[in-house]
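To start, the structure under review is shown below, and the notes come after it.
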Amino acid sequence: REGGPEARVVELARSRVRLVDAFEAERRRIERDLHDGAQQRLVALTMALGLARLDAPPGPLADQLAKAHGEAGRALEELRELIHGIHPKVLADYGLPAAVADAADRSAVPVDVALELPGRLPRAVEAAAYFVVREALANVGRHSGAERAEISGGHRDGRLVLRIRDDGRGGADAAVGSGLTGLADRVSVLDGRLSLSSPPGGPTLLSVEIPCEWTERFA
């Protein structure tokens, strides 16, 4: 009925989708501004300092230029990592499996990946899933004492299913500084759920399920 409870529930769901889409659009805008603006200026500065080092005679000035050149290079690397964390290009261009594989390669703990997705999912779903994986692997590297981790999952019965498991000491608490609480809220906005099982002694298993449909099939 027009204006009834059912209509309000539908409008709430639509509003949540718009909120997630707006969040992702703003994330991409920030990533683009950093990439095309700040990063290019830092590249130019690093090159200018490098050329100045070559022209400077040995002495205190050359030493200061070398120090400044090194600092600029480190700032550039940090900015590139920040841009990658905001919205990695591999996720935008190639989808969730490639982005998860990239995150696994960057992990401090060896990670086996068995993620079967033959196509693209909605951008908000891919982004939420990717950042859950990144946060989970960061926690594994920092806190678990694990020797190996595993990421598995796929698309089943209209849902993206992800499992991140490690063989560490267990005892993880999503409510204590793990960064997963905010991700659980983000997953819930997509009508999904995030659950954590981590008994003392391990293993730790983080599970994510998000309802979604394909937006594109890979050839």
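The values are calculated or read from the model by the stated rules, or taken from the named source; none is laboratory data. Note that the structure is a prediction, hence the values are computed from the model and not measured. When we count neighbours, we look across all protein chains shown, and the Cβ atoms used for this are built from the backbone with ideal geometry, even at glycine. Side chains are part of the model used for accessible areas, which takes the heavy atoms of the whole protein and leaves out ligands, DNA and RNA. Shrake-Rupley method; radii C 1.70, N 1.55, O 1.52, S 1.80 Å.
Observations, loosely collected:
- Listed by position, the helices (runs of 4 or more DSSP H) inside region 88-140 whose residues that are modelled with pLDDT of 90 or more and open to solvent by less than 10 Å² (accessible area, probe 1.4 Å) number at least 3 are 96-106, 123-139.
- The one condition in (1) within 27 Å of residue 32 (Cβ to Cβ); (2) crowded, with 16+ Cβ neighbours inside 10 Å; (3) at pLDDT below 95 that residue 168 fails to fulfil: (1)
Rundown of residues vs (1) closer than 27 Å to residue 41 by Cα; (2) out of contact with any Leu (no Cβ under 6 Å at 6 or more places or on another chain), yes/no style:
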residue: 61; (1), (2): yes, yes
residue: 69; (1), (2): yes, no
residue: 91; (1), (2): yes, yes
residue: 107; (1), (2): no, no
residue: 114; (1), (2): no, yes
residue: 126; (1), (2): no, no
residue: 137; (1), (2): no, yes
residue: 143; (1), (2): no, yes
residue: 147; (1), (2): no, yes
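- Meets criteria (modelled with pLDDT of 90 or more and either under 16 Å from the mean Cα position of the chain (by Cα) or open to solvent by 50 Å² or more (accessible area, probe 1.4 Å) (or both)) for residue 78: no
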